[in-house]
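Single-structure report; data block below.
The values are calculated or read from the model by the stated rules, or taken from the named source; none is laboratory data. No experiment lies behind these values; they were computed from the predicted model shown. Note that each Cβ is placed from the backbone with ideal geometry, even for glycine, and that neighbours are counted across all protein chains shown. Note: areas computed on protein heavy atoms with side chains; ligands, DNA, RNA excluded. Shrake-Rupley method; radii C 1.70, N 1.55, O 1.52, S 1.80 Å.
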Amino acid sequence: MVRNSWNDRIIDMIIYTLLAVLSFTAIYPFWNTLVMSLNEGKDTAMGGLTFWPREFTISNYEVIFNDERFFRAMGISIARTVFGTFLSVLITALMAFALAKKELKGKRFYMIAGIITMYFQGGLIPTYLWLREIGLFNNFWVLIIPGILSIWNMIVFRTFFQGLPDELEESAKLDGCNYYGLFFRIVLPVSGPVFATLSLFTAVGLWNEWFNAGIFINNADLLPVQNYLMNMINSSSTAEMLSQMGNGVNVVTQTITPKSLQMTAVMVVTLPIIMVYPFLQKYFVKGVMIGSLKE
C-alpha cells in the first residue's frame, strides 16, 4: 500500500479546497434564487437574504402556476425541445455519417462549405426576409428549422464515425445492408454515448434560446417559456407583470414584488432542463471524449 507524503496531502487539500470554492460559487446563485422564490417579496426587498427564507411563502409559485400563459409557453418549449432535438440530432448524424465515408465524392467541398457557415452568416435582416418569404414567420417551425443542422455537432459525429471499425460496415454489407440499414441497425446502436451527449447539448440550447422567438414570432400563443421569462424580467412593476398573465391569477398578491416573481420564474424555467441531466450523466464524459479525440 502506497502512503501519500505530507506534500501530497497538502496538495490534495489545496485542490479539494479550490474545488469546493468553485462548486460553491456555481451552486450558490441557484440556491439563493430558490430561497428568494420561497420568501415573501417585500421581505426579500429588505436585503440580507442568504441561505434560508426568512418569511416562507409559496404565493410566488401560486401566481406562476395559476398563469395560463405560463403553461402555454411551457408546452411550446417542451414541444420545441423534443422535436427540435430529435430532428437536429438525426439530420446532423446522417450528414456526418455520409461525410465519414471515404467513397463520397466531393466530401471535402461539403466540409468546407459547412465550416464556412460557422464563421460567416447572412445577417439578421436577410434571414428575416428569407424566413418570411418561405412562410416560417410567426410559425412554430421557425423555432426549429433554421438551426436544425449543427456543423459543430456534425464534426463531432463524423470524427466518432470515422473511428468505428471497418469490419462493422463490411459485415453489414455482406448481410445485404444498404447505407440506411448500416446506419440504423449497426452504427446507431453502438453510438449511444455520443448521441446522448450531443442530444443533451442540443436540448439545452433549444430550451434556453429566446432570441429567434422574439424576432420571428409576434403571436403570444407561440412564444416559448424563455420569452415568458424575458417579459417578466422587463416588467417594472407587479401590476404590469400580473396584467400580462392569464385570468387564472387570483391569489393574494400584497407581499409579491417583481423581484420575487422573477426569481420564481427563473426556478420553474430552469428546473425542467436540469432534471434531464442525471439520466444522461453516465454517457456525458464518455461521449465527449470519444467524439472529440479520436482521429
(request) Sort through VAL204, VAL156 and tell me the only one that's in contact (Cβ under 8 Å) with a residue 60 or more places away in the chain, touching a Gly at 6+ places or on another chain (Cβ under 7 Å) and of a type in the set (Val, Ile, Thr). (result) VAL156
(request) Being touching a helix residue (DSSP H, G or I) at 6+ places or on another chain (Cβ under 8 Å), open to solvent by 50 Å² or more (accessible area, probe 1.4 Å) and assigned to a helix (DSSP H, G or I) narrows it down to one of LEU129, LEU149, LEU168, so name that one. (result) LEU168
(message) Of everything in the range 218-238, what is open to solvent by less than 10 Å² (accessible area, probe 1.4 Å), among the aliphatic types (A, V, I, L, M) and either more than 17 Å from ARG80 (Cβ to Cβ) or in contact with a Leu (Cβ under 6 Å, 6 or more places away or on another chain) (or both)? Give them in sequence order.
(response) MET232
(request) Among the numbered conditions (1) at pLDDT below 80; (2) assigned to a loop (DSSP other than H, G, I, E, B); (3) open to solvent by 30 Å² or more (accessible area, probe 1.4 Å), tell me where LEU242 comes up short. (result) (2)
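Using the structure shown, decide if ILE144 is surrounded by 15 or more Cβ atoms within 10 Å (Cβ to Cβ), aliphatic (A, V, I, L, M) and either at negative phi or modelled with pLDDT under 90 (or both). I'd like the intermediate steps shown before the answer.
Details: surrounded by 15 or more Cβ atoms within 10 Å (Cβ to Cβ): yes; aliphatic (A, V, I, L, M): yes; either at negative phi or modelled with pLDDT under 90 (or both): yes.
Taking the combined requirement at face value, the residue satisfies it.
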(request) Scan (1) touching a residue at least 40 places away in the same chain (Cβ under 8 Å); (2) over 30 Å from ASN212 (Cα atoms); (3) open to solvent by less than 30 Å² (accessible area, probe 1.4 Å) for the single condition VAL35 breaks and write down its number. (result) (1)
(request) Taking only the range 171-184 into account, find how many residues are open to solvent by 70 Å² or more (accessible area, probe 1.4 Å) and either at pLDDT below 85 or touching a helix residue (DSSP H, G or I) at 6+ places or on another chain (Cβ under 7 Å) (or both). (result) 6
(request) Could you please find all residues in the range 1-19 being within 30 Å of the chain's Cα centre (by Cα) and open to solvent by less than 60 Å² (accessible area, probe 1.4 Å)? (result) none
(request) Need at least 3 residues that are open to solvent by less than 60 Å² (accessible area, probe 1.4 Å) and among the small types (Gly, Ala, Ser) per element, so show me which helices (runs of 4 or more DSSP H) inside the range 40-111 make the cut, counting only ones lying wholly within it. (result) 68-99
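Closer than 30 Å to GLY41 by Cα, of a type outside the set (Val, Ile, Thr), open to solvent by 20 Å² or more (accessible area, probe 1.4 Å) and at pLDDT 85 or above - does that describe any residue in the range 188-203? Step through it out loud before you land on a result.
Just the residues of the range 188-203 that are closer than 30 Å to GLY41 by Cα, to begin with: none.
Within the range 188-203 (the criterion being closer than 30 Å to GLY41 by Cα, of a type outside the set (Val, Ile, Thr), open to solvent by 20 Å² or more (accessible area, probe 1.4 Å) and at pLDDT 85 or above), the answer is no, since none of the residues qualifies.
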(request) Could you tell me which numbered condition PHE30 fails, if it satisfies all but one of (1) open to solvent by 90 Å² or more (accessible area, probe 1.4 Å); (2) in contact (Cβ under 8 Å) with a residue 40 or more places away in the chain; (3) not β-branched (Val, Ile, Thr)? (result) (1)
